[in-house]
1. One residue is enough: does the stretch 55-77 have a residue meeting the conditions at pLDDT below 85 and in contact with a strand residue (DSSP E or B) (Cβ under 8 Å, 6 or more places away or on another chain)?
2. Could you please find all residues in the stretch 230-245 being of a type outside the set (Gly, Ala, Ser), open to solvent by less than 100 Å² (accessible area, probe 1.4 Å) and modelled with pLDDT of 80 or more?
3. Could you check, for the stretch 423-445, whether at least one of its residues is surrounded by 17 or more Cβ atoms within 10 Å (Cβ to Cβ), modelled with pLDDT under 80 and within 30 Å of SER116 (Cα to Cα)?
4. Checking PHE212 against (1) part of a helix (DSSP H, G or I); (2) over 21 Å from the mean Cα position of the chain (by Cα): exactly one of these is not met. Which one?
5. State which residue is nearest to HIS32 (Cα to Cα) when the search covers only the stretch 413-448 and only residues that are part of a strand (DSSP E or B) and among the aromatic types (Phe, Trp, Tyr).
6. Under the condition of being buried (at least 17 other Cβ atoms within 10 Å of the Cβ) and of a type outside the set (Val, Ile, Thr), which residue from the stretch 318-330 is farthest from GLN262 (Cα to Cα)?
7. Select, from VAL298, VAL311, VAL340, the only residue that is open to solvent by 20 Å² or more (accessible area, probe 1.4 Å), part of a helix (DSSP H, G or I) and of a type in the set (Val, Ile, Thr).
8. Name the one entry in PHE207, PHE241, PHE234 that is out of contact with any helix residue (DSSP H, G or I) (no Cβ under 6 Å at 6 or more places or on another chain) and over 23 Å from TYR99 (Cβ atoms).
Amino acid sequence: MKTKVLIILSYLIVCLFYIQLGDSAIYETLYHSDNLFLPLFSNDLNQWNFSHWYLPPSNYLFPDAVAMCIFSFIVPDLSLPIAFGILNLILLQLSTFLYLRILRGERFALKMNLFSLLLLSLLGSIFFFDGSRINPFVYLMTSGHHISVIYILFFSLYLIKKIDLIEVDQNDQTRNLKYHCMRFLHLATLVLIYASDRFVIIYFSTFLLSQFRNRKFQKYFLFFLLAVILGEFFNYMMSLFFRSPSSFEIFFKHLNNTNIYQILIVLIHYLYDFIKFWFYQVSFGFSIAFLICLLSFVFGSRSFSTQVQFVHLYGILSFLFLIVVGRFVYLHPFPIRYMVGYFYLAFFFGMLSILVRLGAHKLRLEQIAIFNLIFISLVFICFQPVIQERTALNLNLRAQVVAMIRIKFGNNAFKTDYHSEKKIRFYSQNLVNPHPFDHHGKPYFWITGAFQPAPSRLGISEGEIVSSQTKQRFWIPNSLTKDF
């Protein structure tokens, strides 16, 4: 009983710490325009007023939009991104616990979960020292960035292991019922996640490649193929209600009249640009995750070598996906969010392998729980002055900007850029009427619900586009210059 209380307290303190981080150190990332799409969309979805929305190619309806819709009834609108971020962290911890429990037992899973919680608090403190650069672990709290694929991956691996155990247990009288229920739950989950985020195909491919020599390979292949077919059918059905671009159409359009030599040259240039962005923008949080994974090869336990190999295969496929999408579909110089899942998995299994090798799993659960609570509490207390200062600064600035815009424009429609439109609409809680336009002065229909009437009937007067961006960096594909 005492241990359970300590574990619950540890979770509560880490959640509170990350709630405060949301308004301070990771405020800019958590409230980035891309992350405000689902809070705005879920509000319209709850009111059955969504036909005017232009959705991204991955619509993130499950589980992201579903969770956001539920939260919108119980959480203030301005707190939705933070609430969803905490839910992401909890689901990541829960899914890893389920997977480790079926793999090595409940006490082992609890111990490793506590170590994971401790390291999450340490990673949270990194944001204060390296906040100006991109940190992979910030994205774990964001919506619509393929993060749900990570805990669906763990949940799927758990169900596969559970189904295999049910098949073996001949003494269970309810074996057939459990088996079919588990299979249906697994299939339904994979179909829904594929229909919402095609990036899950990376997990499907990784799992099938890792099971190529398994006697059940054909069974797994047919199961995942069925999930893809049903997912595509759901995608087609949803396209009747929601407007979103066709990734395949854009991909083949970019490859039209392009030979293999040109593709190779373009890829080399893109990789060069990618490395430059990595050098200038990436936080050492990426390096920490990668270093831990490398150390696990030398000092890690061999009992998790299969999982580590799985993770690296997942990383290779994720990187190939990143190159294809970033260069030939939706041109983006640094779509690093596709690699966040790999870095989290590399960090998690690398840490796991090293801790087992050091014998940390042999410590008593009570000792780990007490140490965990003390350490997390110290981290929480030490950063309070900085958290309070940054929170006050961010909230005051946000309030001032919204007040100025409301005074200047009132309820009149006005032009903004893509980034400002969602921020203004979100912070004002739809009390002002911004509409995104590109730098050519044309309506910008990328992931927006602003154009409820047709753009020609908005009545927007000619004028300067309102922007909250103080500095913009434009990427020119294939540029070999230092200035992107």
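The values are calculated or read from the model by the stated rules, or taken from the named source; none is laboratory data. Predicted, not measured: the structure shown is a model, and the values here were computed from it. Reconstructed Cβ throughout: ideal geometry from the backbone, glycine too, with neighbour counts over all protein chains shown. Heavy atoms of the whole protein, side chains included, go into the accessibility calculation; ligands, DNA and RNA do not. Shrake-Rupley method; radii C 1.70, N 1.55, O 1.52, S 1.80 Å.
1. yes
2. In the first step, residues of the stretch 230-245 are kept if they are of a type outside the set (Gly, Ala, Ser); the result is 230, 232-238, 240-243, 245.
Those still in the list that are open to solvent by less than 100 Å² (accessible area, probe 1.4 Å) too: 230, 232, 234-235, 237-238, 242-243, 245.
Passing the criteria: LEU230, GLU232, PHE234, ASN235, MET237, MET238.
3. There is no residue in the stretch 423-445 that is surrounded by 17 or more Cβ atoms within 10 Å (Cβ to Cβ), modelled with pLDDT under 80 and within 30 Å of SER116 (Cα to Cα).
4. So PHE212 meets the others, but not (1).
5. Going through the stretch 413-448, the residues part of a strand (DSSP E or B) turn out to be 413-416, 433-437, 443, 448.
Of the ones still in play, those that are also among the aromatic types (Phe, Trp, Tyr) are 414, 437.
Values: PHE414: 21, PHE437: 18 Å.
Looking at residues that are part of a strand (DSSP E or B) and among the aromatic types (Phe, Trp, Tyr), I get PHE437.
6. Looking at residues that are buried (at least 17 other Cβ atoms within 10 Å of the Cβ) and of a type outside the set (Val, Ile, Thr), I get SER318.
7. Working: VAL311 fails: open to solvent by 20 Å² or more (accessible area, probe 1.4 Å); VAL340 fails: open to solvent by 20 Å² or more (accessible area, probe 1.4 Å).
Being open to solvent by 20 Å² or more (accessible area, probe 1.4 Å), part of a helix (DSSP H, G or I) and of a type in the set (Val, Ile, Thr) holds for just one of VAL298, VAL311, VAL340, which is VAL298.
8. Values: PHE207 fails: over 23 Å from TYR99 (Cβ atoms); PHE234 fails: out of contact with any helix residue (DSSP H, G or I) (no Cβ under 6 Å at 6 or more places or on another chain).
Going through PHE207, PHE241, PHE234 in turn, just one is out of contact with any helix residue (DSSP H, G or I) (no Cβ under 6 Å at 6 or more places or on another chain) and over 23 Å from TYR99 (Cβ atoms): PHE241.
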